[in-house]
Amino acid sequence: AQKVTQAQTEISVVEKEDVTLDCVYETRDTTYYLFWYKQPPSGELVFLIRRNSFDEQNEISGRYSWNFQKSTSSFNFTITASQVVDSAVYFCALAGNTPLVFGKGTRLSVIA
Amino acid sequence: NAGVMQNPRHLVRRRGQEARLRCSPMKGHSHVYWYRQLPEEGLKFMVYLQKENIIDESGMPKERFSAEFPKEGPSILRIQQVVRGDSAAYFCASSLASGTPYQETQYFGPGTRLLVL
């Protein structure tokens, strides 16, 4: 069975600090994809990134970066120089040959 | 370029009534997925549909819940005889057609918040 664990339930940082959100997954599929979504207070789900299991290159998009390590089954997400608008719940998700499985999310609060 | 649309955004029903949730996928997307989010929980998969076909309903409760995606019009998630435990946010997502559908990026709608009194 597929599983995604986001051990950090809530994180609180002061604006401009860097913050890393952890994601650990379990799967028996050899080909799979990992995703991050953001759910701001308004409630919608915003797609952030999709990464396949054969591509372990780190990715950077502006202040966001992702570190995929197959050896530790982790796909961590770092926000550099956090801003108040980054306050949201962030979900990590996994898809193989079965439906998308979400972690329980990490609530990030960025304080001005 | 309209995203995934869901309506209504909020729905209040009394126990025993029916709830109908609608979802229009992104333009060009033919795959639709429904998820349920309980308070302080992640999203749980319910059902995956293509036009006129239910492909995977492994996450759908066996009773009272049904889904369809007709040839014309939006996808509908229907909950009959609602109970308080059905109160949740219901999200619809859509993706492009693919041989490996679950692995395509799913774009989500704004959700329908169902409250059962």
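The values are calculated or read from the model by the stated rules, or taken from the named source; none is laboratory data. Everything quoted here is computed from the prediction, not taken from an experiment. So basically every Cβ, Gly included, is an ideal-geometry build from the backbone, and we count neighbours across all protein chains shown. What goes into the accessible areas is simple: the full protein's heavy atoms, side chains included, and nothing from ligands, DNA or RNA. Shrake-Rupley method; radii C 1.70, N 1.55, O 1.52, S 1.80 Å.
Structure notes:
- For segment A:70-112, a decrease in accessible area of 40 Å² or greater in the assembled protein chains relative to the isolated chain, with a 1.4 Å probe, applies to A:Pro99, A:Leu100, A:Phe102, A:Lys104.
- Average Cα contact separation per residue, chain B, under 8 Å, 6 or more apart, as relative contact order %: 36 percent
- Residues within the reach of a label modelled at B:His10 (point 7 angstrom out along Cα to beta-carbon, backbone nitrogen below 17 Å), restricted to segment B:100-117, are B:110-117.
- Legend: mean number of C-beta atoms from other chains within 10 angstrom of residue C-beta atoms, peptide B:98-110, equals 5.
- For the pair A and B, total buried accessible area rounded to nearest 100 Å², probe 1.4 Å: 1700 Å²
- Residue-averaged beta-carbon neighbours from other chains (10 angstrom radius) around B:27-37: 1
- In the context of the full set of protein chains, residues of chain B present 51 Å² of accessible surface per residue (probe radius 1.4 Å, heavy atoms only).
- Counting lysine pairs in the protein assembly as shown that sit 8 or more residues apart in sequence, or on different chains, and whose Cα atoms lie under 29 Å apart gives 24.
- Net charge over other residues, Cβ less than 10 angstrom from the Cβ of B:Val82 (K, R count +1; D, E count -1): +3
- Residues of segment A:5-48 buried by at least 10 Å² on assembly (accessible area, 1.4 Å probe, chain alone as reference): A:Thr31, A:Tyr33, A:Phe35, A:Tyr37, A:Gln39, A:Ser42, A:Gly43, A:Glu44, A:Leu45, A:Phe47
- Carbon and sulfur %, accessible surface of segment A:42-83 computed with the full protein complex present, 1.4 Å: 44 percent
- The DSSP beta bridges internal to segment B:1-98 are antiparallel in roughly 100% of cases.
- Solvent-accessible area per residue in segment A:1-53 equals 52 Å², computed with a 1.4 angstrom probe and all protein chains kept.
- Whole-angstrom gap from segment B:70-110 to segment B:10-46, using each part's C-alpha centre: 5 Å
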